[in-house]
Each structure stands twice: as structure tokens, then as C-alpha cells.
1. So if I take the centroid of the Cα atoms in region 204-261 and the same for region 149-199, what is the distance between those two points in Å?
2. Output wanted: per-residue J couplings in Hz (rounded whole) for region 53-58, from phi through Karplus 6.51 cos²θ - 1.76 cosθ + 1.60, θ = phi - 60°, x for Gly and Pro.
3. For I52, list long-range residues whose amide hydrogen, built 1.01 Å from N in the peptide plane, is under 5 Å from its own amide hydrogen.
4. Cα-Cα pairs above 22 Å in the chain: how many percent?
5. Provide the per-residue ³J(HN,Hα) series for region 250-262, in order, calculated from phi with Karplus coefficients 6.51, -1.76, 1.60 and θ = phi - 60°, each as a whole number of Hz, with x at glycine and proline positions.
6. Is it possible to state the helix-based mean residue ellipticity at 222 nm for the chain, with each DSSP H run of 4+ residues giving -39500 (n - 2.57), the sum divided by total residues, to the nearest 500 deg cm²/dmol? What is it?
7. What Kirkwood hydrodynamic radius do you get for region 159-248 when you take the inverse of the mean 1/r over all pairs of distinct Cα atoms, in Å?
8. Run a plain Debye calculation on region 80-145 (Cα atoms as equal point scatterers, no solvent) and give log10 I(q)/I(0) at q = 0.15, 0.27 Å⁻¹, rounded to two decimals, same order as the q list.
Amino acid sequence: MSALPVIDIHTGAAPVLRETVLEFDQVAVQLGGRQILSPTSLKIGRGEFITIIGPSGCGKTTLLRAAAGFVRPEGGAVLRQGRLVGGPSREVAFVFQDYAHALLPWRTVQGNVELALEAAQVPATERAPRAQQVLQTVGLAAHAAKFPAQLSGGMQQRVQIARCLAQQPELMMMDEPFGALDAMTREGLQDELARLVRETGLTVLFVTHDLEEAIYLADRVVALRANPTAERPSLARVIDVNLPRPREQLATKEHPEFLRLRRELYGYLGHGHG
């Protein structure tokens with residue numbers, strides 16, 4: 001298994017090797033006869049938080065879906081742990097932006113989390129304790145008996161994240177999961193997600209249109225471009241984010257390196273719109 005060099009941003013120590021858990025090897029995707037992704041190669045290390053930005057229609061969601069096995073590339077291959085991805089797997093969880101439709105309204109919070117355990121054929125006697133443990137992790141244990149309609153948008157999204165965590169995935173794909181939330185809720189969930197990733201060692205691919213969110217969460221930012229050609233391929237930039245962790249909403253966003261990265265990405269995206 002190949003490995004990626006990663007600098008310890010806490011100590012500034014020499015690079016360490018991080019096992020490659022996901023690899024895009026010249027992955028190309030067409031939809032409706034249109035080239036969405038030109039041949040794209042990228043390696044993701046275990047425990048990395050990768051954010052993906054780019055203009056609308058550039059293939060951000062397509063890249064996630066190919067990684068999750070929902071989309072089969074026309075060219076190249078997606079490899080997980082060195083093995084070809086041929087379809088969906090319980091090792092990969094997918095968090096959607098539309099949390100309202102992702103949850104079953106007739107099930108309680110705990111019932112929605114247990115859905116992932118039922119799909120994994122976890123014995124009935126083990127489901128409730130595991131669901132309760134995950135709800136405790138995301139701060140929703142006191143709301144286990146409520147229904148989705150009784151929760152705020154931010155809490156509903158936390159239920160969806162909890163359901164994904166319940167299946168104990170190695171990788172989590174997140175497609176603009178906080179895009180529909182207000183700014184304060186969004187920032188709170190960013191910090192909560194960063195904590196969960198730090199504690200669980202999850203590897204995350206996270207699509208966003210928000211530059212500050214992309215930088216704040218990421219170990220690396222992947223920038224894609226729309227309408228790729230041979231001269232201008234889909235993969236435009238991969239930028240390392242060497243900001244100390246844990247990060248703080250005010251202090252991190254005032255850090256000179258954060259501001260430098262924001263200017264660089266803002267210039268790439270024009271007016272900052274994804």
C-alpha cells in the first residue's frame with residue numbers, strides 16, 4: 001500500500017507517512033455525452049480531511065459519487081485500500097445536503113440511526129446501545145425519542161451524520177452538508193465535525209461552495225474546473241492547508257496563512273462563488 005507524506009502541523013516535525021486509503025487513477029466520467037471529469041488522479045491518505053471546491057457543474061458531486069461507487073467511470077479506476085471500487089460499500093458513508101429528505105419522518109431520531117444498523121444486519125439486541133452511543137457522540141442523546149420534524153435543521157443534519165457514524169465507515173463523503181444552514185449553526189457543526197474526525201480517525205471528502213469552510217476544515221483543498229479539456233483538465237489545484245489544529249472560528253480565520261489561502265482560492269474562483 002502506498003503512502004503520502006504529511007507534515008505534523010502541531011509540531012512542525014518532519015513529514016510522516018500516511019497510508020493511502022482512496023485513489024483516483026485517471027478517473028474520467030461522462031454524463032449525457034458531456035465530459036464531467038477529465039482523467040483525474042488523486043491519492044487520499046487515511047484520516048485526511050479533503051475539501052473539494054469549484055464552479056457549478058465542474059464535477060464535485062460526481063467525484064464523490066464515483067468514490068462511493070454510485071457512478072462508474074468511463075475511464076480509469078477508483079481504488080479503495082488498493083482494491084477496485086465496483087459499487088457501494090458499508091465502508092463508505094454518504095451525507096447529503098438535503099437532510100430533511102434523508103431522514104424518515106415516521107421514525108424517531110434513534111430509529112433513524114438504527115436504520116443503518118438494520119441495513120448492516122446488526123442483531124436487534126445490539127442496535128439500541130450502539131445508536132445511543134453514537135447519539136451521545138453527536139450531542140443528541142436527550143433527543144432520541146423525538147421525530148425529525150421536532151428538530152432544527154442543524155439537529156436534523158446531526159442525526160444524518162450520526163446515522164452514518166453508526167455504520168462505522170472508513171470514509172465519509174459529504175456533499176455540501178451545511179449549505180442550507182444559517183451561519184451560526186454552520187460554524188457549530190463545522191467544529192463538531194472536526195472534533196468527530198479527530199476522535200474517530202475518519203477520512204472525509206467534503207464538497208462545499210464556501211471558501212472559508214473549505215480552508216477551515218481541510219488538510220488539503222482540491223480545486224476543480226468546469227468544462228475540462230486536454231489542456232485544462234478537471235483537477236486545477238491541490239492546496240495544502242498547514243494551519244494548526246484544533247482550529248477556532250475567530251483565531252484561525254485571522255491567521256495570516258488562512259488569509260493568504262483565502263486570497264489564492266478567491267482569485268481562482270473569481271468572485272468566490274462555487
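1. 19 Å
2. In residue order, the calculated couplings are 10, x, x, 4, x, 8 Hz.
3. Distant-sequence amide H within range of I52: F206, V207, T208, V222.
4. 58 percent
5. With the stated coefficients, region 250-262 comes to 8, 4, 5, 6, 9, 5, x, 5, 4, 5, 5, 5, 5 Hz.
6. Taken over the chain, the calculation gives -10500 deg cm²/dmol.
7. 14.5 Å
8. -0.58, -1.27
All of the numbers you see were taken from the coordinates with simple rules; none came from a lab. Computed from a predicted model, the values in this text were never measured in an experiment.
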